[in-house]
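The values are calculated or read from the model by the stated rules, or taken from the named source; none is laboratory data. All values derive from a computational prediction rather than experimental measurement. Cβ placement follows ideal geometry from the backbone for every residue including glycine, while neighbour counts extend to all protein chains displayed. Heads up: the accessible areas ignore ligands, DNA and RNA and are worked out on the full protein's heavy atoms, side chains in. Shrake-Rupley method; radii C 1.70, N 1.55, O 1.52, S 1.80 Å.
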Amino acid sequence: MPSARVARPVMYHRWSDITFIHWRYPPDLLRRLVPGRLTVETYDGAAWVGLTPFLMEGVRVSGLPAVPGLSRFPETNVRTYVRDDRGRSGIWFFSLDAGRLAAALAGRALYGLPYFWSDMSVRSDGAHTSYRCRRRRPGHGRAWCDADVTAGLPLEKGERDGIAEFLTARFLLFTRVAGRPARAPVEHPPWPLRRAELTRLDQCLLQAAGLPAPSGPPLVHASPGVPVRVGRWRW
């Protein structure tokens, strides 16, 4: 599914060194955790929850250059997949951890997204990438995610038509702004996806978001990343 053109982006950045880690969940469980105007999307009879650690690079707002020290930081999202009452598919975030306090504050204040400030790192060595996250604030109790991933062979074109496309080809973000449901378009080229092996995972970000601990082996994909253009929120 191609990305729609974002004619007037308000933000530019790159999602780099990303890993998509997904588990099946019962659809009824997730329906209780997303706003009533959104419908949880399913694939193969299951809803899917994703844990996506990555590196944000070149972050800047439209018309301004990237600010050194603020334009590059790790991020980890917990998300699921939904559609609105007009049938438009997108992402609903349960949480977003950012390695820059300014990014976490801006995400909460300007975009209504559940951002948290965390101590984070992303370290890549060839095909191997290590992600570390320790939540600072806001929130009560501890939340963390340690993940080690080894990327494998690229996915062939025919392998991208099913579950990989469902989980990664998403071009709308849903949130609430001032108590009202809102959406923002996202433009990026197709993900250059690779098979990946999760060699270590110690996390409780899903549980901190109100989800049961995942069960069963996850489905894992990796990508070196894509450039991104984000449009403004619309109601």
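Overview of results
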| read-out | value |
| --- | --- |
| For Tyr115, solvent-accessible area (1.4 Å; no DNA, RNA or ligand), Å² | 30 |
| Probe 1.4 Å, all protein chains present, accessible-area order of Leu205, Leu101, largest first | Leu101, Leu205 |
| Helix-only mean residue ellipticity at 222 nm for the chain, each DSSP H run of n ≥ 4 adding -39500 (n - 2.57), per residue, nearest 500 | -2500 deg cm²/dmol |
| Cα gyration tensor category, rounded, prolate or oblate, for segment 99-235 with a/c compared to 1.5 | oblate |
| The chain: relative contact order in percent, alpha carbon pairs under 8 Å with at least 6 residues between | 25 |
| At 0.692 mPa s and 37 °C, Stokes D of segment 140-217 from Kirkwood alpha-carbon radius, µm² per second | 207 |
| Cysteines (scope the chain) whose Cβ has no counterpart Cys Cβ under 4.7 Å | Cys204 |
| Solvent exposure of segment 26-132 as accessible area per residue, Å², 1.4 Å probe | 47 |
| Cβ-based net charge around Ser16, under 12 Å, with every Lys or Arg adding one and every Asp or Glu removing one | -1 |
| Estimated inter-spin distance, Asp202 and Asp85, nm [label 7 Å along Cα→Cβ] | 4.6 |
| Excluding exposed DSSP-loop trypsin sites (Lys or Arg not before Pro) (at most 12 other C-beta within 10 Å), longest clean stretch of the chain | 143-235 |
| Accessible surface of the chain [probe 1.4 Å, protein heavy atoms]: carbon and sulfur percent | 54 |
| Rel. contact order, % - alpha carbon contacts under 8 angstrom, at least six apart, segment 117-159 | 33 |
| Accessible-area order (highest first, 1.4 angstrom probe) of the listed residues His128, His22 | His128, His22 |
| Gain upon complete extension [Ile163, Thr150; 0.36 nm per residue less C-alpha separation] | 2.7 nm |
| Ala182 versus Leu105: modelled label distance in nm, points set 7 Å from Cα along the beta carbon direction | 1.9 |
| Mean separation of Cα contacts under 8 Å, 6 or more apart, over the residue count of segment 113-235: relative contact order % | 25 |
| Pairwise centroid distance, computed over Cα atoms, of segment 101-122 with segment 180-210, Å | 15 |
